[in-house]
Amino acid sequence: MIEQQVEVPTADGKVDALLLRPESDDPLPGVISLTDGLGFRPAFADQSKRIAELGYVVLTPNIFYRTSKSPVFDHEPDFRHERTTTRFGELKGPLSPDAMARDGSAYVDFLAKQPFVSSGPMGVVGFCFAGQFALCVAAARPDRIGAGASFHGGGLFTDTVKSPHLVLPRVKARLYFGHAEHDQSMPEEAIEKLEWALQSWGGSYESEMYAARHGWMIPGREVHNPEEAERGFAKLTELFDSTLRAPVTA
C-alpha cells in the first residue's frame, strides 16, 4: 500500500488530505471518502485503507480545512456537551452547499490528474454530516462520479430551499443510502420523504435501514456496531465494484 500526505488546491485554499493506493501497474478507479463530523482521524485512515485494498485510489480530505487542520477537535468530542456542539458549529459553518460543490469538484480534478487514476467513473462516500456532501459532489460532477454512498447521513431531506435532496435532478450516479435507527439527524419522516424524492428522481438507487445507532460505521466510539458496519462495508464494496470497474470483454 502506498500512502501519501498531500495538499489539494481548491478555490478557497489548500486541503490537507490522505491519498492511499495499492501498488499497481495499471491505473485504478478513484474514490473520495468524506469524514463524519468529528473529522479525519486514525479510524478513517483505516477505513480508507480497506477501500484502497479492494483496488482503488482513495482520497480522504480534511473537509473542515477552512477552519482547522486535522485533528479538528482539541478535546475528546462528546455531543452531549456544549463545548463539542459549539466546535462542530464552527467547523460546519463554512460548508455551504456551494462550498461542498466547489470542494468536491476540486477533489475530482485532483484525482483525475494523477497518472495512477483511471479515466473511468469515480466513487464518493460520506458519513454522518458528509452524507449530504457526497450527494453534492455527485451533483456537481456527474461527468465523473458514477457511484455515491451515504451512511448514517444527517439532514438529507429538509423542508428548506437548501435541502440536499434538491440536487438529485443533476445526479447521474448510482446511489446508496444506509440509515440509522432512531436518528435525530434523519428521523423516519425525513427518510420517507427522501425515499419519495428518490423514486421521483428515477435514477438507480438503494436505501436501507440498519439496526444500529447514528455513527455505527466507524470504530472508536460507543455507537460502533461491528456486525452492521461489516454489512455496510459489504454494500459499499458491491456498489463500487459493480459501478466503477470497466467490464472485462472477451
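Under a Gaussian network description of the chain, with springs only between Cα atoms under 10 Å, the residue in Lys172, Lys49, Lys113 that fluctuates furthest is Lys113.
Give the residue from Tyr56, His81, Pro42 lying farthest towards the positive end of the charge dipole for region 18-90; charges sit on Cβ (+1 for Lys and Arg, -1 for Asp and Glu) and the dipole is referred to the Cα centre. Highest projection toward the positive end goes to His81.
Charge tally around Met100: other residues with Cβ under 12 Å, Lys/Arg +1 each, Asp/Glu -1 each, net +2. Largest GNM mean-square fluctuation among Tyr205, Tyr107, Tyr56, using the chain with Cα springs under 10 Å: Tyr205.
The region of the chain that goes longest without hitting one of the GluC sites (Glu not before Pro) in a DSSP loop, each with at most 16 other Cβ atoms within 10 Å, is 24-180.
Across the chain, how many lysine pairs, 8 or more positions apart or on different chains, have C-alpha atoms separated by under 18 Å? Please give the number. Walk me through the numbers on the way to the answer.
Working: Lys14/Lys69; Lys14/Lys92; Lys14/Lys113; Lys49/Lys235; Lys69/Lys92; Lys92/Lys162; Lys162/Lys193.
For the chain, the number of qualifying lysine pairs is 7.
Between Ser207 and Phe177, the built amide H atoms are under 5 Å apart, and every one of these is 5 or more places off in sequence or on another chain. Rolling a 1.4 Å probe over the protein heavy atoms of the chain, with every protein chain left in place, gives an accessible area that is 51 percent carbon and sulfur.
Across region 226-243, computed HN-Hα scalar couplings (Karplus, 6.51 cos²θ - 1.76 cosθ + 1.60, θ = phi - 60°) run x, 5, 6, 5, 5, 4, x, 5, 5, 5, 5, 4, 5, 4, 5, 5, 7, 10 Hz from first to last residue, x flagging Gly and Pro.
Would you work out if region 1-64 is rounded, prolate or oblate? Take a ≥ b ≥ c from the square roots of the eigenvalues of the alpha-carbon gyration tensor; rounded if a/c is under 1.5, else prolate when a/b is larger than b/c, oblate otherwise.
Note, shape of region 1-64 comes out oblate.
Among Val124, Val161, Val58, the largest mean-square fluctuation in a Gaussian network model of the chain (Cα springs under 10 Å) belongs to Val161. Applied to region 154-164, the Karplus parametrisation 6.51 cos²θ - 1.76 cosθ + 1.60 on θ = phi - 60° returns per-residue 3J(HN,Hα) values of x, x, 6, 9, 10, 9, 10, 6, 9, 4, x Hz, with x for Gly and Pro.
Rolling a 1.4 angstrom probe over the protein heavy atoms with all chains in place gives the chain an accessible area of 46 Å² per residue. Looking at the chain, the DSSP beta bridges with both ends there are about 35 percent antiparallel.
The values are calculated or read from the model by the stated rules, or taken from the named source; none is laboratory data. Worth saying up front: this structure is predicted, and the values here are computed from it rather than measured. Cβ atoms come from the backbone with ideal geometry, glycine included; neighbour counts cover every protein chain shown. Only protein heavy atoms, including side chains, enter the accessible area calculation; ligands, DNA and RNA are left aside. Shrake-Rupley method; radii C 1.70, N 1.55, O 1.52, S 1.80 Å.
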